[in-house]
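Here the structure is laid out as structure tokens; the discussion comes afterwards.
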């Protein structure tokens, strides 16, 4: 029993963290924002819960998944979205636009760093986290007076290629886009011209028929009610903008062919002029708006339930996979997995100092649980998109990490030397961190472009090649851990040297197999879709580089040109080759694969390459300088 | 073993070539930003040496082995290794297959690089085409338009234009001399230019304009616009002396230029090299769906009808993403669209070496599986032995 104590504790700890994190997602409020967040709407071509709209929009303009208001309180994305779309005037003063560019900030009203920012943090926290950052956050109301100027600058900046823009230009385009999204969200449910949405609907039901009658009479040349016509025209003006501006689609209708067609909230004008009354969906949305503005929580919660019933009455299809997506949002499986991988690293390191047996057992168990959560996250994504796990750079990062952790844990089972645990946590954590930053632009569950339409060869190509990346990184990570341990500790015994050498060699063979087969499958897909097996596209060239490098390592090994340190150094260079192939080629922004262009990441890539070169240098240090007794 | 064979089949040579290939591919990929994919491929991968040009001295200095050279060295290395060094055994069978696969792969890519032809076919909804237009090659077309019913076309292909030679065509009373051919050009007003006198036309549009050669581009969003200076002179027949009719400047996208000789009307134009197919393709319908509320294309497809002139057969096909149409020796892919979704652009490819990569990759994959499987089995046996 005693030997299981440490693993049980660590697993329980991670599970408790998972549960408390899930619970924390619910905003503290009497309004049932959980229920509102699970309302399905259509955005980016797919049905998603309002919660996702809130998270992704806030992430795009604020850079965070929570909003901090002017009074210092923190709010969940859905709370912010609810205020914005139901009572837009209040939302105007929330400082949610993050602006880092100094040039852009210099033309905006100067902001003093707030006093309470510093109060909030202890001196140590301030040292670690910086002294607060309220001066970087602006509200819509603060920015709007300058809108015309910003818009002109953004138009001028968009004349340039994304790569040629300077910092100010990039920032101003980003800001203007953010303002656009903000404005569109605000006009997604109600236009806000009148205080009560329900009353407006009542008025419309009498105004519209009267106005139409007057219009018909006018056209027939008869005498008509001028006031009724003027009233209708003023509504028509409001609605003309309202119908266009909404950010997402709120009103589903079931068509004859069983497919859903979605309309924006402004479509209610059509409903009234066609049927005389608004649809149940419109009525429910109107009640939600009124209840929110009056602060009537009971009515609000009842109205959201009504809305869900109305949507379900149109068709149960309208809910699509939005429930699963909301659970996925609340679980944050990749975040939890990251926490898990950090725990693994800590356990593994401590295990070298105290309680080796119990703690490495705990490390392995925690790694396995983290992998399970990681897998669940990928499973959710596959279910929600309905495609293979890798659809963009973000998902490839998640998958690369997953593949590497699976392989590392298999190695740990085979060799039981603790190295598998360490590299699992290293690669798992760092790839998820990369993914986290790649996902900063917003929706990562985008729809597939026709070019990349699901196809057997494409799906298998992407998965195999990504596993190839995983394996090369894994070999590099093992080599890295070996070099550090060998140089600075005396832990590497001759037996261990032999087994780590075997691990690296085996993983390189595996990587060779997968990257080669993956490249070939890509060639077959290219031949099927583009008419050429090989087109010297940057991404294809990147893939072949990995294959060539693995071939070079294996031949050097077989020819006896390299021994332990040489193999490790070459395996670490594999990290450079793979990072170029995976990320670097996308930065060129040319060719068929340039779907994931990035610019800021370039500097991180350069930093990564430099760090790997340092490790290669360390690996090449003569054996006398190593603390462990390395043979060659 | 002879020293040369020993060197050719050495592991050192293999490793060296592989490393040099990596360097070549890396720099070739980087240069794609400047030259475009096609331009960089020609310069780095489909060449024996990569040259650095010093325009002021007119010198071309090779500084890196090109793709062909590395490919052939690797091929020689593989062949000598596979057929001279290896002794057949169960342990080596996978490796032997691997090397055979790589040999075929290299040959396949070489065949593609030499023989693969790419063209396009642009069809409007409701209309038909029976020719493809080359991506990169141009032709000079001389069209006899005297008969209002039938045009007779005499086309001079890219290769002959490049040689800047004299062309005599059977059935025509005159010959053409290609005085100058520019693979890519811009046009200037003659008044604003100081072009040499021998580069000037004395008929048609060239009276006021002059074309100036500029470097070829390989970028996907740019296009070469070829131009040629052509002099036409009558053939000397039975005592009649040859007589010059004039020199024309003809450039792609220029309005066709006409002249009359012996009561027949002729038109000159430069256009994409055409290849006529013995069948006609009619675009019945092009459809393009987007995801609701976005501009992300969901699907595009062309419904086409093929009418074969040889057999009289008519067949309907649907061409869409990842689902090309293979007919005769050509393959038609959905490439793009324009004109408000009323016109479909099909990419047309002919590649006689198409099946080679499939064969070589099958051999390679089986070889890899065999070899690593064999290695894994041996490793497991060792572990069991050690454990026992």
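I'm checking my understanding of the structure. Among residues of the stretch A:474-531 that are touching a residue at least 24 places away in the same chain (Cβ under 8 Å) and not in a helix (DSSP H, G or I), which one is nearest to the other protein chains (Cβ to nearest Cβ)?
This residue is A:493.
Within the stretch A:536-550, work out how many residues are at the interface with chain B (Cβ under 7 Å from one of its Cβ atoms) and under 31 Å from the mean Cα position of the chain (by Cα).
6
For residue A:570, are the conditions met, namely being over 21 Å from residue A:417 (Cα atoms) and at the interface with chain B (Cβ under 8 Å from one of its Cβ atoms)?
So residue A:570 fails the test.
Quick one: would you say residue B:177 is surrounded by 15 or more Cβ atoms within 10 Å (Cβ to Cβ) and within 14 Å of chain A (Cβ to nearest Cβ)?
In short, no.
Which count do you get for residues in the stretch B:15-42 that are more than 9 Å from every other protein chain (Cβ to nearest Cβ) and within 14 Å of the chain's Cα centre (by Cα)? Full working, then the answer.
Keep residues of the stretch B:15-42 that are more than 9 Å from every other protein chain (Cβ to nearest Cβ), which gives B:16-17, B:20, B:23-24, B:27, B:31, B:34-35, B:39, B:42.
Now restrict to residues that are within 14 Å of the chain's Cα centre (by Cα): B:39, B:42.
Of the residues in that region, 2 qualify.
Quick one: is residue B:356 surrounded by fewer than 15 Cβ atoms within 10 Å (Cβ to Cβ), within 13 Å of another protein chain (Cβ to nearest Cβ) and touching a residue at least 24 places away in the same chain (Cβ under 8 Å)?
The answer is no for residue B:356.
Might you let me know whether the stretch B:140-162 holds any residue that is under 30 Å from residue B:219 (Cβ atoms), modelled with pLDDT under 85 and surrounded by 15 or more Cβ atoms within 10 Å (Cβ to Cβ)?
no
Can you confirm whether the stretch B:187-198 contains a residue that is over 26 Å from residue B:265 (Cα atoms) and either under 23 Å from the mean Cα position of the chain (by Cα) or touching a residue at least 60 places away in the same chain (Cβ under 8 Å) (or both)?
Going residue by residue through the stretch B:187-198, those that are over 26 Å from residue B:265 (Cα atoms) are B:187-198.
After this cut, where a residue has to be either under 23 Å from the mean Cα position of the chain (by Cα) or touching a residue at least 60 places away in the same chain (Cβ under 8 Å) (or both) as well, the list is B:187.
Within the stretch B:187-198, one or more residues are over 26 Å from residue B:265 (Cα atoms) and either under 23 Å from the mean Cα position of the chain (by Cα) or touching a residue at least 60 places away in the same chain (Cβ under 8 Å) (or both).
Within the stretch B:271-291, identify whether any single residue is under 30 Å from residue B:203 (Cα atoms), away from every other protein chain (no Cβ under 14 Å) and touching a helix residue (DSSP H, G or I) at 6+ places or on another chain (Cβ under 8 Å), and answer yes or no.
For the stretch B:271-291, residues under 30 Å from residue B:203 (Cα atoms), away from every other protein chain (no Cβ under 14 Å) and touching a helix residue (DSSP H, G or I) at 6+ places or on another chain (Cβ under 8 Å): present.
To keep it simple, each residue is scored yes or no on (1) within 29 Å of residue A:251 (Cα to Cα); (2) at pLDDT 90 or above; (3) in the same structural domain as residue A:135 (by TED's automatic domain parsing).
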{"residue": "A:21", "(1), (2), (3)": "no, yes, no"}
{"residue": "A:28", "(1), (2), (3)": "yes, no, no"}
{"residue": "A:35", "(1), (2), (3)": "yes, yes, no"}
{"residue": "A:59", "(1), (2), (3)": "yes, no, yes"}
{"residue": "A:62", "(1), (2), (3)": "yes, no, yes"}
{"residue": "A:83", "(1), (2), (3)": "yes, yes, yes"}
{"residue": "A:88", "(1), (2), (3)": "yes, no, yes"}
{"residue": "A:106", "(1), (2), (3)": "no, no, yes"}
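So, in the stretch B:335-349, of the ones that are facing another protein chain (nearest Cβ under 9 Å) and at pLDDT 85 or above, which residue ends up surrounded by the fewest Cβ atoms within 10 Å (Cβ to Cβ)?
Filtering first and then ranking leaves B:347.
Of all residues being over 24 Å from residue A:174 (Cβ atoms) and in contact (Cβ under 8 Å) with a residue 60 or more places away in the chain in the stretch A:47-73, which is nearest to the other protein chains (Cβ to nearest Cβ)? Just the residue, please.
A:47
Quick one: which residue in B:159, B:82 is away from every other protein chain (no Cβ under 14 Å), in a helix (DSSP H, G or I), in contact with a helix residue (DSSP H, G or I) (Cβ under 9 Å, 6 or more places away or on another chain) and without any contact (Cβ under 8 Å) to a residue 24 or more places away in the chain?
B:82
Here is a yes/no grid of residues against (1) crowded, with 20+ Cβ neighbours inside 10 Å; (2) more than 14 Å from every other protein chain (Cβ to nearest Cβ); (3) at pLDDT 85 or above; (4) out of contact with any strand residue (DSSP E or B) (no Cβ under 8 Å at 6 or more places or on another chain):
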{"residue": "A:242", "(1), (2), (3), (4)": "yes, yes, no, yes"}
{"residue": "A:247", "(1), (2), (3), (4)": "yes, no, yes, no"}
{"residue": "A:261", "(1), (2), (3), (4)": "no, no, yes, no"}
{"residue": "A:273", "(1), (2), (3), (4)": "no, yes, no, yes"}
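When the stretch B:320-334 is examined, which residues are found to be within 8 Å of chain A (Cβ to nearest Cβ), at pLDDT 85 or above and over 14 Å from residue B:135 (Cβ atoms)?
B:324, B:331
Please enumerate the residues belonging to the stretch A:551-563 that are touching a residue at least 12 places away in the same chain (Cβ under 8 Å) and within 7 Å of chain B (Cβ to nearest Cβ).
Result: A:551, A:552, A:556.
The values are calculated or read from the model by the stated rules, or taken from the named source; none is laboratory data. This one's a predicted model, so the numbers in the text were calculated from it and none came from an experiment. Positions of Cβ are generated from backbone atoms using ideal geometry, with glycine treated the same way; all protein chains shown enter the neighbour counts.
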